[in-house]
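Undergrad: For reference, the structure I am asking about is given below.
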Amino acid sequence: MELPPAPNSFFASDNFSGAHPRYIDAIARANEGHVMAYGGDALTKQATSLFEELCGVEVDVLFTFNGTGSNVVALASLLKPADSVICTNWAHINVDETGAPEKFLGVKLHDVDAADGKLTPEHITSLAGAIGNVHHVQPGVVSITQATELGGLYSIEEIRAICETAHSFGMRVHLDGARISNAVAALGGDAATFRAMTFEAGVDAVSFGGTKNAMLGAEAVLLRRGVASDRSAYIRKQATQLPSKQRYAAAQFVEALSDGLWLETAAQANAMAQRLFHAVSDIPGLEIGSPAVNSMYPVLPPDIKKKLQDWNFFWDWDISRSQVRWMTSWDSTEADVDAFAAGVIAAFS
Ligand SMILES: Cc1ncc(COP(=O)(O)O)c(C=O)c1O
């Protein structure tokens with residue numbers, strides 16, 4: 001069947017969308033006059049206290065430019081000499097950061113096989129035998145991703161169990177939260193849920209994503225004080241992630257955290273993924289699982305895949321299985337979802 005007109009937006013990535021107008025307004029308001037640079041401004045102080053309130057424990061807050069930089073700064077702040085990092089084979093730090101952690105931290109990543117993208121306490125225990133053996137790099141940090149690179153979620157109990165096991169071996173825990181807002185929106189939708197799945201569960205450092213959730217190049221690293229290095233401010237600068245005009249990132253986080261905008265935009269992305277799933281899940285021949293957050297990973301017959309990608313671009317995921325990724329964003333609308341679903345239905349007819 002002929003494909004209908006393509007939607008007005010893409011379902012390829014939450015990085016394809018622009019920034020929410022409220023963040024653009026916040027940046028414009030922050031653009032007045034001269035203020036102290038490198039974080040000495042009032043907006044940085046305000047955003048930092050909003051994060052401290054959100055975390056419920058004493059944290060150091062470091063704003064950064066991108067998620068890869070956040071991960072490098074967070075890991076560097078947790079690692080000790082001769083330490084290694086335990087993560088899954090799917091971890092963004094392992095496969096999608098062009099080796100940045102290995103290059104800049106000189107660290108070994110133990111990338112354990114996890115078909116569903118989720119680390120378990122058993123993975124950690126299986127590597128802990130190296131501790132104390134002078135011939136082995138010392139597993140010092142566990143890194144998990146919430147929501148995962150495969151669009152899944154750790155329950156709060158699962159994160160707590162990972163932290164308990166890691167801490168029992170003296171390891172620290174990093175959480176790559178490029179999509180933490182989507183995870184919080186899916187599992188409770190409030191600040192208490194964020195606290196429960198991070199610092200209350202025992203997580204020691206969070207890379208808190210803003211850009212995928214409607215901000216303009218704004219990310220933050222949240223470090224549990226007393227566990228992470230007290231040199232983290234210097235580490236960030238060495239890692240080239242200290243913004244000179246930090247007020248612009250800070251202004252966006254003030255806007256996000258003051259009245260729950262960060263959860264509103266994430267909930268919209270999640271809801272649109274559900275809508276898309278329900279619109280196409282009955283199509284015979286389409287293999288697709290229900291999304292936990294804002295992404296799904298359908299397997300499409302190769303000819304249909306090509307036809308749809310030519311019509312409205314989206315990324316391949318596992319080309320050996322003709323698997324792709326569809327991802328909604330904070331600004332995906334019902335009309336866009338319905339138009340995309342109509343194209344998928346037509347392609348299969
Ligand atoms: C799980 C995860 N972590 C971190 C990032 C940050 O990446 P970037 O450096 O492109 O902001 C991404 C972006 O795709 C991601 O998916």
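The values are calculated or read from the model by the stated rules, or taken from the named source; none is laboratory data. What you see is a predicted model, and the numbers here were worked out from it, not measured in a lab. Cβ: placed from backbone, ideal geometry, glycine included. Neighbour counts: every protein chain shown. Ligands, DNA and RNA are excluded from the accessible area calculation, which covers all protein heavy atoms including side chains. Shrake-Rupley method; radii C 1.70, N 1.55, O 1.52, S 1.80 Å.
Undergrad: P(r) tail for segment 1-151, what percent of Cα pairs lie past 24 Å?
TA: 53 percent
Undergrad: Once phi is turned into θ = phi - 60°, what whole-Hz ³J(HN,Hα) does the Karplus curve with 6.51, -1.76 and 1.60 give for every residue of segment 9-16, x standing for Gly and Pro?
TA: 9, 10, 10, 8, 6, 6, 8, 7
Undergrad: Rank Ile235, Ala12, Val142 by how far each Cα sits towards the positive end of the charge dipole of the chain (+1 on Lys, Arg Cβ; -1 on Asp, Glu Cβ) and give me just the farthest.
TA: Final value for the positive-end residue is Ile235.
Undergrad: Residue-wise, which Karplus ³J(HN,Hα) couplings in Hz belong to segment 235-242, taking 6.51 cos²θ - 1.76 cosθ + 1.60, θ = phi - 60°, and x for glycine or proline?
TA: The phi angles translate into 4, 4, 5, 4, 7, 6, 10, 8 Hz.
Undergrad: Hey, what do the phi angles of segment 201-218 turn into as Karplus ³J(HN,Hα) couplings, whole Hz, using 6.51/-1.76/1.60 and θ = phi - 60°, x for Gly and Pro?
TA: 6, x, 4, 9, 8, 10, 8, 9, x, x, 5, 5, 10, 5, 8, 10, x, 10
Undergrad: Whenever you get a sec, compute what percent of the accessible area on the chain sits on carbon and sulfur atoms (1.4 Å probe).
TA: 54 percent
Undergrad: Using +1 on the beta carbon of Lys and Arg, -1 on that of Asp and Glu, and nothing else charged, what's the dipole of segment 122-262 about the Cα centre, debye to 20?
TA: Magnitude of the dipole: close to 640 debye.
Undergrad: For Arg172, which sequence-distant residues (separation of 5 or more, or a different chain) have an amide H within less than 5 Å of its own amide H, given hydrogens modelled in the peptide plane?
TA: Amide H neighbours of Arg172: Val141, Val142.
Undergrad: Antiparallel DSSP bridges in segment 22-259: what percent, to the nearest 5?
TA: Here the antiparallel bridges make up roughly 40 percent for segment 22-259.
Undergrad: Next up: Leaving ligands, DNA and RNA out of it, work out the accessible area of Lys103 with a 1.4 Å probe and give it in Å² to the nearest 10.
TA: Only protein atoms counted, so the area is about 150 Å².
Undergrad: Can you compute the charge dipole magnitude of the chain about its Cα centre, using +1 on each Lys and Arg Cβ and -1 on each Asp and Glu Cβ, nothing else charged? Give it in debye, rounded to the nearest 20.
TA: So the magnitude is around 880 debye.
Undergrad: How about Lys245: which lysines have a C-alpha closer than 22 Å to its C-alpha, ignoring those fewer than 8 places off in the same chain?
TA: Once the sequence-local lysines are set aside, what remains near Lys245 is Lys45, Lys212, Lys237.
Undergrad: Hey, can you grab everything whose amide H is under 5 Å from the amide H of Thr64? Only 5+ residues off in sequence or another chain; H modelled, so Pro and N-termini drop out.
TA: Distant-sequence amide H within range of Thr64: Glu219, Ala220, Val221.
Undergrad: Moving to a separate point now. How far apart, in nm, are the 7 Å Cα→Cβ label points at Arg29 and Lys80?
TA: For the pair Arg29/Lys80, the computed spacing is 4.5 nm.
Undergrad: Let me ask something else about it. Per the helix-only calculation at 222 nm, which mean residue ellipticity applies to the chain, given -39500 (n - 2.57) for every DSSP H run of n ≥ 4 and division by its residues, nearest 500 deg cm²/dmol? Please list the in-between numbers first.
TA: Details: 14 runs with 145 residues, N = 349.
Result for the chain: -12500 deg cm²/dmol, rounded to the nearest 500.
Undergrad: Let me ask something additional. For the peptides 175-187, 285-297, what is the packing order when you average, over each peptide's residues, the other Cβ atoms within 10 Å and list the highest mean first?
TA: The packing order, highest mean first, is 175-187, 285-297.
Undergrad: Quick one: which residues, 5 or more positions from Ala6 or on another chain, have an amide H under 5 Å from its amide H? H modelled 1.01 Å from N in the peptide plane, none for Pro or chain starts.
TA: none
Undergrad: How much area per residue is accessible in the chain when the probe is 1.4 Å and only protein heavy atoms are counted (Å²)?
TA: Working: 14740 Å² over 349 residues.
That works out to 42 Å² per residue.
Undergrad: Once label points are set 7 Å from the Cα along Cα→Cβ at both Ser229 and Glu157, what is their separation, rounded to one decimal in nm?
TA: So the two model labels end up 3.7 nm from each other.
Undergrad: Just add up the charged neighbours of Ala347: K/R +1, D/E -1, any other residue whose Cβ is under 14 Å from the Cβ of Ala347.
TA: Details: positive: Lys305, Lys306, Lys307; negative: Glu2, Asp303, Asp310.
That sum, taken over residues with Cβ under 14 Å, equals 0.
Undergrad: Give, as a single signed number, the net charge of other residues whose beta carbon lies under 10 Å from the beta carbon of Ser13, with Lys and Arg counted +1 and Asp and Glu -1.
TA: Summing Lys and Arg as +1 and Asp and Glu as -1 gives +1.
Undergrad: Rounded to the nearest Å, what's the spacing between the alpha carbon centres of segment 233-261 and segment 136-197? Just the number, please.
TA: 22 Å
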